[in-house]
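First comes the structure, then the notes that go with it.
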Amino acid sequence: MMTSLVLTVIGPDRPGLVEALSRTIAEHQGNWLESGMSRLAGKFAGIMVAQVPADQSQALITALQALASKGLKVTVEAGEEVSSEIPRRAISLALIGHDRPGIVKEISQALAARHVNVERLTTLLVSGSMSGEQLFQADAQLSVPDGLDLDELQEALESLANDLMVDISLR
């Protein structure tokens, strides 16, 4: 029987951190499944899912926590199988506009009010092609209840987009 573990990792960015993490997982017959990792403000940070034989789970957790001696803090949570009682469908959201505080808060409030789940969110600052100004860009994978009126969601997001001076599109 296999156990899924959700890991969060953070440490000072330097070569060899992914190797140390992947070696530790492999030494315990683990399999690296999904991950998202980045260099952020001089730190290496990420989240990932590893699958390991149940009898290796505790030994792997202990070995991962020992990576703190190499500067990598690892937090481990057991994964769960979640079944949704409400039928849902997947849509994508793309946003770009001048950076300012509150963009994620406003959009996420509008989504949460409609029971839309954010399954994946990627944000970054990019340089505007003509102006060179900082633009905030976000891409999200959303899980939407089947009964939600997508036209109403689009209208609500467009209203926010006007207030926030950003472009938002749903796909």
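Dipole of the chain (Lys/Arg Cβ +1, Asp/Glu Cβ -1, origin at the Cα centre): which of Ser92, Leu60, Ser159 lies farthest to the positive side?
Leu60
What angle do you read, to the nearest 10 degrees and between 0 and 90, between the alpha-carbon axis of helix 17-27 and the longest principal axis of the chain?
Its long axis makes an angle of about 50 degrees.
Can you tell me how much longer the chain between Asn117 and Gln65 gets when fully stretched, taken as 0.36 nm per residue apart minus their C-alpha distance, in nm with one decimal? Before the final figure, lay out each step's value.
Values: separation 52, 0.36 × 52 = 18.72 nm, distance 3.08 nm.
The span from Asn117 to Gln65 would gain 15.6 nm if fully extended.
Leu40 to Thr8: extension gain in nm, 0.36 nm per residue of separation minus the Cα-Cα distance?
On the way: separation 32, 0.36 × 32 = 11.52 nm, distance 1.41 nm.
Extra length from Leu40 to Thr8 when fully extended: 10.1 nm.
Which value, in debye to the nearest 20, gives the size of the charge dipole of the chain about its Cα centre, when Lys and Arg are +1 and Asp and Glu are -1 at the Cβ?
Details: 13 positive and 22 negative charges, 174 e Å.
About 840 debye.
Please give the calculated 222 nm ellipticity per residue for the chain, where each DSSP H segment of at least 4 residues contributes -39500 (n - 2.57) and the sum is spread over every residue; nearest 500 deg cm²/dmol?
Details: 4 runs with 46 residues, N = 171.
Theoretical 222 nm ellipticity from helices: -8500 deg cm²/dmol.
Return a whole-number percent for the relative contact order of the chain, with Cα pairs under 8 Å and 6 or more residues apart as the contact set.
For the chain, the relative contact order is 22 percent.
Where the centroid of each part is defined by its Cα atoms, how far is region 87-122 from region 144-162 in Å?
11
Can you find, among Leu40, Ala20, Ala50, the residue sitting farthest towards the positive end of the charge dipole of region 2-78, where Lys and Arg contribute +1 and Asp and Glu -1 at Cβ?
After comparing all options, I get Leu40.
So how far apart, in nm, are the two label points at Arg171 and Val126 if each is 7 Å from Cα heading toward Cβ?
Label-label distance for Arg171 and Val126, simple model: 1.2 nm.
Let me know the shape class of region 1-95, please: from the alpha-carbon gyration tensor, a ≥ b ≥ c as square roots of the eigenvalues, rounded when a/c is under 1.5, otherwise prolate if a/b is greater than b/c, or oblate. Intermediate values should be presented prior to the final figure.
On the way: a/c = 2.55, a/b = 1.21, b/c = 2.11.
Oblate shape, in that a/c is at least 1.5 and b/c is the bigger or equal ratio.
If I build a Gaussian network model for the chain, linking alpha-carbon pairs within less than 10 angstrom, which residue out of Gly132, Gly11, Gly79 has the largest mean-square fluctuation?
Gly132
Highest mean first, how do 114-123, 42-51 rank when packing is the count of other Cβ atoms within 10 Å averaged over residues?
Details: 114-123: 13.8, 42-51: 16.5.
Top to bottom by mean Cβ count within 10 Å: 42-51, 114-123.
Under 1.5 on a/c is rounded, so check that first for the chain, then, if it is not, pick prolate when a/b is larger than b/c and oblate when it is not; a ≥ b ≥ c are the square roots of the alpha carbon gyration tensor eigenvalues. Could you put the intermediate results ahead of the total?
Working: a/c = 3.41, a/b = 1.55, b/c = 2.21.
Because a/c hits 1.5 or more and a/b fails to exceed b/c, the chain counts as oblate.
So what J values fall out for region 151-161 if you push phi through Karplus, 6.51 cos²θ - 1.76 cosθ + 1.60 with θ = phi - 60°, rounded to Hz, Gly and Pro as x?
3J(HN,Hα) across region 151-161, in whole Hz: 5, 5, 4, 4, 5, 5, 5, 5, 4, 5, 4.
No value in this document is a laboratory result; all are computed from the given coordinates. Nothing here was measured: the structure is a model prediction, and the numbers come from that model. Using ideal geometry, Cβ is built from the backbone for each residue, glycine included, and neighbour counts are taken over all protein chains shown.
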